[in-house]
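S.K.: The following block contains the structure, expressed as structure tokens.
The values are calculated or read from the model by the stated rules, or taken from the named source; none is laboratory data. The model shown is predicted, which means the values in this text are computed figures rather than measured ones. Every residue, glycine among them, receives a Cβ derived from its backbone with ideal geometry; neighbour counts consider all protein chains shown. For the accessible areas, the whole protein counts, side chains as well, though only heavy atoms, and no ligand, DNA or RNA atoms are used. Shrake-Rupley method; radii C 1.70, N 1.55, O 1.52, S 1.80 Å.
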Amino acid sequence: MASEHPSSSAPTISDVAAEAGVGRATAARTLGGYGSVSAVARERVLAAAERLGYRSNILARSMTTGVTNSLGIVVADIGNTFFSGLIRGASDAASARNLDVIVISTYEDLAAERHAVGVLLDKQVDGIVVSSAAVGAPEAEHLTEATRRGTPVVLIDRLIPGLHLDAVVVDNRAEARRVTRALIEAGHRRIGFLWGPTTDAGIETLDDLLTVNTRSLWSDAERLRGYLDALQDAGIPYAPALVTTGAKTEESAAKAAHAMLQSEDPPTALFASEAEALIGALHAVQGLGLSYPGDVSLVGFDDTSWATVMQPPLTMVAQPVDEMGRLAVDQVVSRIGASEYEPRLHMLPAELRIRSSIGPPPRKP
């Protein structure tokens, strides 16, 4: 006859063992997912645990097995549609493996990222997926420390120059080159780029720009390099006034685009390398009473649903966010328990979705 468990306290492994009629060690191995247990005993223990409403003590189990069945995901901004897409893909892949996910936003703050990784290590997660704000290996000691402690780390969306870890990224340089080439093929030679490096320093030469660009986040730096590649391919000289620098906010992008469009030799096309930059460009275009693509062509990065309902619909680069999230989880899970391995880079293609925001340059009066 099944024993009754007082409702005032949570059932324990001993309670489950008694309910199932097995030894405590057998119940512990079954509920902890380790060791060898016969199929009959396992079925009895699991049935007893369900009847009693037993919930495993994850911390105690992890002390025994060294596994918590949990992953940490660190992103810049969970509210950003790109990162929310990554998280969705990662969460689906983790759920399929019965893994729990802890998500932390850092808002591009490196100190917050270091703290987040420390919290995840304290919680003994089995692996970490991170979109890092570090621009070089010296800033990423917290990630190398995690790997030294046996916690695998997979970079997502961004590489960190000089740091060799598993990574899942898009070929940002190739995609930006393709966007710029599409504008050039439409007849544009004055193409504004939003955003360039975050700097207040005056940029006059291409060498200056490339030097400052080495201190940008990898994805940002690669998109600028792709833009410059396409210009060089077409024999179009770099124009300092057409690459914005400074704070990367929607407001700053709007101001920069407004200034470009009101200059004596304005761009006939704008390439916004982030969604916020595109929104800023749209504010500038509308604020000046201009239209796209009649007065200026527009292309953005990170396709969103609202881009399709704009009038006219916007040409956008769509990144495979769901696949990136899933692949990052697959990669980090494959490293759990591995003492040595060669880091693997997954470089995925994106898709340029041509809509109606690219047209020929407007004719000069």
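S.K.: Considering region 263-310, what Rg and Dmax in Å follow from its alpha-carbon atoms?
M.R.: 10.7, 35
S.K.: So, one more: Across region 126-211, how large is the tail of the calculated P(r) beyond 17 Å, expressed as a percent of all Cα pairs?
M.R.: 63
S.K.: Additional query: Give a residue-ordered list of calculated ³J(HN,Hα) values for region 123-134 (Karplus: 6.51 cos²θ - 1.76 cosθ + 1.60, θ = phi - 60°; whole Hz; x for Gly, Pro).
M.R.: 7, 6, 4, 7, x, 10, 10, 9, 9, 7, 8, 6
S.K.: Give me the accessible area per residue for the chain, probe 1.4 Å, as a whole number in Å². Walk me through the numbers before you get to the answer.
M.R.: Working: 17440 Å² over 365 residues.
For the chain, the solvent-accessible area averages 48 Å² per residue.
S.K.: List every residue whose amide H lies under 5 Å from the amide H of V154, counting only residues 5 or more places away in sequence or on a different chain, with H placed 1.01 Å from N in the peptide plane.
M.R.: Those qualifying (amide H under 5 Å, at least 5 residues apart or on another chain) are I128, V129, V130.
S.K.: Taking the alpha-carbon set of region 202-268, what are its Rg and Dmax in Å?
M.R.: Cα only, region 202-268: 12.3, 33 Å (Rg, Dmax).
S.K.: Tally up the carbon and sulfur contribution to the accessible surface of region 214-281 as a whole percent, 1.4 Å probe, everything protein left in place.
M.R.: On the way: 1370 of 2720 Å².
Solvent-exposed carbon and sulfur of region 214-281 make up 50 percent of the total.
S.K.: Shifting gears a bit: Going through the DSSP H helices of the chain, which span 15 Å or more along their own axis at the Cα atoms while scoring at least 0.5 as a mean Kyte-Doolittle hydropathy?
M.R.: Working: long enough: 39-52 (20 Å, 0.32); 81-96 (23 Å, 0.57); 110-122 (18 Å, 0.78); 172-185 (19 Å, -0.81); 218-233 (22 Å, -0.93); 250-261 (16 Å, -0.02); 275-287 (18 Å, 0.96); 321-335 (21 Å, 0.01).
Counting only whole DSSP H runs, the qualifying helices are 81-96, 110-122, 275-287.
S.K.: Taking amide H atoms as placed 1.01 Å from N in the peptide plane, list the residues 5 or more away in sequence, or in a different chain, whose amide H sits under 5 Å from that of S70.
M.R.: Amide H to amide H, under 5 Å and 5 or more residues apart or across chains, S70 pairs with D100, D126.
S.K.: Evaluate the Debye formula for region 269-365 with equal point scatterers sitting on the alpha carbons, no solvent, and hand back log10 of I(q)/I(0) at q = 0.11, 0.20, 0.22 Å⁻¹, in q order, two decimals.
M.R.: Here log10 of I(q) over I(0) equals -0.46, -0.95, -1.08.
S.K.: OK, next. For K364, go through the lysines and keep the ones whose alpha-carbon is under 28 Å away, minus same-chain ones fewer than eight residues off.
M.R.: Here the lysines satisfying the reach criterion relative to K364 are K255.
S.K.: Would you please put 345-352, 251-258 in order of how densely packed they are, using the mean number of other Cβ atoms within 10 angstrom per residue and starting with the highest? Present the calculation step by step, with values, prior to reporting the outcome.
M.R.: Numbers: 345-352: 14.6, 251-258: 21.1.
Going from most to least packed, we get 251-258, 345-352.
S.K.: What would the Debye formula give as log10 I(q)/I(0) at q = 0.11, 0.16 Å⁻¹ for the alpha-carbon point model of region 48-188, no solvent?
M.R.: So the normalised log intensities are -0.50, -0.89.
S.K.: Can you list the equivalent-ellipsoid semi-axes of region 216-333, largest first and in whole Å, using the square root of 5 times each Cα gyration tensor eigenvalue? Walk me through the numbers on the way to the answer.
M.R.: Details: eigenvalues 144, 69, 36 Å².
Semi-axes from the Cα gyration tensor: 27, 19, 13 Å.
S.K.: Could you compute the net charge surrounding N172? Neighbours are other residues with a C-beta less than 12 Å from the C-beta of N172; K and R count +1, D and E count -1.
M.R.: Details: positive: R158, R173, R177, R178, R223, R225; negative: D157, D171, E175, D220, E222, D229, E274, D302.
Charge balance near N172 sits at -2.
S.K.: A further question follows. Report, as a whole number in µm² per second, the diffusion coefficient that Stokes-Einstein gives for the chain at 10 °C and 1.306 mPa s using the Kirkwood radius over alpha carbon pairs. Walk me through the numbers before you get to the answer.
M.R.: Details: Rh = 23.1 Å.
Taking Rh from Cα pairs, D becomes 69 µm²/s.
S.K.: Among the DSSP beta bridges whose two residues both lie in the chain, what percent are antiparallel, rounded to the nearest 5? Don't skip to the answer; put the middle values down first.
M.R.: Details: 3 of 35 bridges.
Just about 10 percent of them are antiparallel.
S.K.: Using heavy-atom solvent-accessible surface (probe 1.4 Å) with all chains present, what is the largest-first order of E274, E145? Don't skip to the answer; put the middle values down first.
M.R.: Values: E274 35, E145 70 Å².
Ranked from most to least accessible, the order is E145, E274.
S.K.: What number, rounded to the nearest 500 deg cm²/dmol, is the helix-based mean residue ellipticity at 222 nm of the chain, given -39500 (n - 2.57) per DSSP H run of at least four residues and division by all its residues?
M.R.: Details: 14 runs with 159 residues, N = 365.
Estimated from H runs of four or more residues: -13500 deg cm²/dmol.
S.K.: How charged is the neighbourhood of R353? Take every other residue with its Cβ under 13 Å from the Cβ of R353, and add Lys/Arg as +1 and Asp/Glu as -1. All intermediate terms of the calculation are to be shown ahead of the outcome.
M.R.: Numbers: positive: R178, R355; negative: E175, D302, D303, E351.
After counting each charged neighbour, the total is -2.
S.K.: Normalised by the residues of the chain, what does the relative contact order come to in percent, with Cα pairs under 8 Å and at least six apart? Write down the numbers at each step before the final one.
M.R.: Details: 668 pairs, mean separation 62.2, N = 365.
Over the chain, the number comes to 17 percent.
S.K.: For region 179-232, what relative contact order do you get, as a whole percent, if you take Cα pairs closer than 8 Å and at least 6 residues apart? Before the final figure, lay out the partial values.
M.R.: Numbers: 28 pairs, mean separation 25.8, N = 54.
The normalised contact order for region 179-232 reaches 48 percent.
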